[in-house]
1. If I ask for residues that are farther than 26 Å from B:Ala12 by Cβ and more than 7 Å from chain A (Cβ to nearest Cβ), which ones from the range B:59-85 would you list?
2. Counting only residues that are in contact with a helix residue (DSSP H, G or I) (Cβ under 6 Å, 6 or more places away or on another chain) and at the interface with another protein chain (Cβ under 7 Å from one of its Cβ atoms), which one in the range A:9-31 is farthest from B:Ser30 (Cα to Cα)?
3. Enumerate the pairs (first residue in the range A:122-151 and more than 9 Å from chain B (Cβ to nearest Cβ); second residue anywhere and not charged (D, E, K, R)) with beta-carbon separation below 8 Å, excluding pairs fewer than 6 apart on the same chain, so at least 6 apart or on different chains.
4. I'm told A:Val10 meets every condition in (1) among the aliphatic types (A, V, I, L, M); (2) within 25 Å of B:Leu57 (Cβ to Cβ); (3) surrounded by fewer than 16 Cβ atoms within 10 Å (Cβ to Cβ) except one. Can you identify the failing condition by its number?
5. When you go through (1) of a type outside the set (S, T, N, Q); (2) farther than 21 Å from B:Ile19 by Cα; (3) assigned to a helix (DSSP H, G or I) one by one for A:Met1, which number turns out not to apply?
6. Could you list, ordered by first residue, the pairs with Cβ atoms under 9 Å in which the first is in the range A:49-69 and more than 9 Å from every other protein chain (Cβ to nearest Cβ) and in contact (Cβ under 8 Å) with a residue 60 or more places away in the chain and the second is surrounded by 20 or more Cβ atoms within 10 Å (Cβ to Cβ) and of a type outside the set (Lys, Arg), at least 6 apart or interchain?
7. Check the range B:43-55 and report whether any residue there is in contact with a strand residue (DSSP E or B) (Cβ under 8 Å, 6 or more places away or on another chain), touching a residue at least 40 places away in the same chain (Cβ under 8 Å), among the small types (Gly, Ala, Ser) and part of a helix (DSSP H, G or I).
Amino acid sequence: MELSTIVFAVIALITVGSGVVVVFANKLIHAVFALLFTFFGTAGLYIFLGADFVAGAQVMVYVGGILVLMVFGVMLTNRIYDSRILADRVNFKRSVVVVGVGFALLAGVMLKTPWNAAPSEELASSTAEIGSLLMTTYLLPFEVAAMLLLAALIGASMLASGGEDDTESEA
Amino acid sequence: MIGLEHYLIISAMLFSLGILAVSTRRNAISVLMGVELILNAGNINLVAFSKFSDIGLNGQVFALFVIILAAAEAAVALAIVLNIYRNHQTVTVDRMDSLSG
């Protein structure tokens, strides 16, 4: 067995295992920290696929941004030591059955399909290529994404600041 | 040798776990975490096909756009959750039923 196979197995185990913890943990804060390892594992998978820039973006955006937001959300909306926070679930057994059948279907299709998968061999850094793609082929989506982020920034700060403007306009 | 199917199976597992989180959790932030798992599963597929087929780097660029959308979605959704908590003192999605008649 090659070393890369072992490393891949470890990364896959970390990713899926902490994903299981995210779903089944009884405390919200545990789920959030398990999500951290899922994001890191996903970044590792990207590196395995030769996508170094996407892996960097994954670590910076997900771990540095979204996860911190989640932690803030958990801390601001829950009493941390309240163990009841996550314990109540709805439709658990039925959902497990449905999701299990769905996963079996997905896996069956994925394994049965002849993918003609031929890995492209170049392992050069993809950052420069992605940069020129973003500035040529994907220029319009790039600008639209910039506008979307600006709108999300303004909208999120307006929503989270308590809507003082609303009360003024109503009064 | 690690093939395309390995990545697809990992992605399917993450997707199923995300669906499970969305459908069984009652806390709004847990539901958001499930959504993030689903987005990550889709991203793994995009990057995997970017390597194992002839679409080249286009798959990676799509994955980048998905990451951007996930960031915007998480920011707005958490702002909404904070606002709901301020107004209703709960983040349980079952109890947010003011609009149901």
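The values are calculated or read from the model by the stated rules, or taken from the named source; none is laboratory data. This is a predicted model, so every value here is computed, not measured. We place every Cβ from the backbone using ideal geometry, glycine too, and count neighbours over all the protein chains shown.
1. Passing the criteria: only B:Ile84.
2. Among residues in the range A:9-31 that are in contact with a helix residue (DSSP H, G or I) (Cβ under 6 Å, 6 or more places away or on another chain) and at the interface with another protein chain (Cβ under 7 Å from one of its Cβ atoms), the one farthest from B:Ser30 (Cα to Cα) is A:Ala12.
3. Once the first residue is more than 9 Å from chain B (Cβ to nearest Cβ) and sits in the range A:122-151, its partners that are not charged (D, E, K, R) give A:Glu122/A:Gly50; A:Leu123/A:Gly50; A:Ser125/A:Phe53; A:Thr127/A:Phe53; A:Met135/A:Phe142.
4. A:Val10 satisfies all of (1) among the aliphatic types (A, V, I, L, M); (2) within 25 Å of B:Leu57 (Cβ to Cβ); (3) surrounded by fewer than 16 Cβ atoms within 10 Å (Cβ to Cβ) except (2).
5. (3)
6. Going by the 9 Å Cβ cut-off, the qualifying pairs are A:Asp52/A:Tyr46; A:Asp52/A:Ser126.
7. no
Per-residue answers, yes or no, for (1) closer than 19 Å to A:Phe40 by Cβ; (2) modelled with pLDDT of 90 or more:
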residue	(1), (2)
B:Ile10	yes, yes
B:Phe15	yes, yes
B:Ile19	no, yes
B:Val22	no, yes
B:Arg26	no, no
B:Leu37	yes, yes
B:Asn40	yes, yes
B:Leu46	yes, yes
